[in-house]
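Step one of this worksheet: look at the structure below.
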Amino acid sequence: MRWTVFAFFAYVFVALDTGLQQMLMVQIGKTAFAPNFTLILMVWIASMGPTHAVRWAALVLGLLVDLLAQYPTVDGRATIVAGPYALGFVLGAALTIQLRSLVYRKHPLITGLLTAVAGACAFVPAIFLLTMRRVVYAGLDSEHVILWVASDQLVHAFLTVIYSAVIAVPTGWILNRTSGLFGFQSHPRLGLPR
C-alpha cells in the first residue's frame, strides 16, 4: 500500500466528515446523525489491502476519529478521549479481513454491507470503553466526567452505521476506480491481497 496516497485519502475523508456533517445530518426524534466517511474508507481499505497494512491504517483512521470527537463534561468544558475508536476501528478491520474472502470485494454493494457489519463491530466497543471511562471518572468524583448516556449513544451509533452503509455504496464505487493508486498487489490466480 502506498502510504502517501493513504494519507491523502485519509485527509479527504476526514474533511468530508467535518465539512459535510451539517449538510448530510438527518434527525429522527432527538437523535441527529450523519454518515461517517472515515469508517467507509477504513472498511474499503480493509477489504482490499494487505493484512499488515490494514491494521495500521485502521489504527490511524480510528485515532483521527477520536481526535475529532469532543465530549461535553460536567464542568462545562469539552474533552477529547484518544483510544476508543482507534481500538474499535482495528476490531472492525479485523472482522472485514475475515469476511473479505467470502464476498466479491469490488462490488459497491459489498462495501455497504461490510460497512454495516464492521461499523457495528467498531462502534460498540468504542461506546463500551467511553461508558466505562464515565463510570470510573464518576466514581473518582472527577470534574472530567463526560455527559454520556450509553443507550442514546448506541441508538446514535446504529443510525450512523446504517446511514454510512447506504453512503458506502456510491463511495465504494468511486473508491474501486481509484484502487490502482493505492498499489494493492494481488495474488496472480486468486486475486487476493498479499
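The values are calculated or read from the model by the stated rules, or taken from the named source; none is laboratory data. Predicted, not measured: the structure shown is a model, and the values here were computed from it. Every residue, glycine as well, gets a Cβ built from its backbone with ideal geometry; the counts of neighbours run over all protein chains shown.
Scan segment 129-141 and give yes if some residue there is part of a helix (DSSP H, G or I), crowded, with 17+ Cβ neighbours inside 10 Å and under 15 Å from the mean Cα position of the chain (by Cα), otherwise no. Looking through segment 129-141, none of the residues is part of a helix (DSSP H, G or I), crowded, with 17+ Cβ neighbours inside 10 Å and under 15 Å from the mean Cα position of the chain (by Cα).
Residue-wise test of (1) without any contact (Cβ under 8 Å) to a residue 24 or more places away in the chain; (2) over 15 Å from ILE162 (Cα atoms).
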{"position": "PHE6", "(1), (2)": "no, yes"}
{"position": "ALA10", "(1), (2)": "no, yes"}
{"position": "ASP17", "(1), (2)": "no, yes"}
{"position": "GLN22", "(1), (2)": "yes, yes"}
{"position": "GLN27", "(1), (2)": "yes, no"}
{"position": "MET48", "(1), (2)": "no, yes"}
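The criterion of being at pLDDT below 95 and touching a helix residue (DSSP H, G or I) at 6+ places or on another chain (Cβ under 9 Å) does not hold for GLY180.
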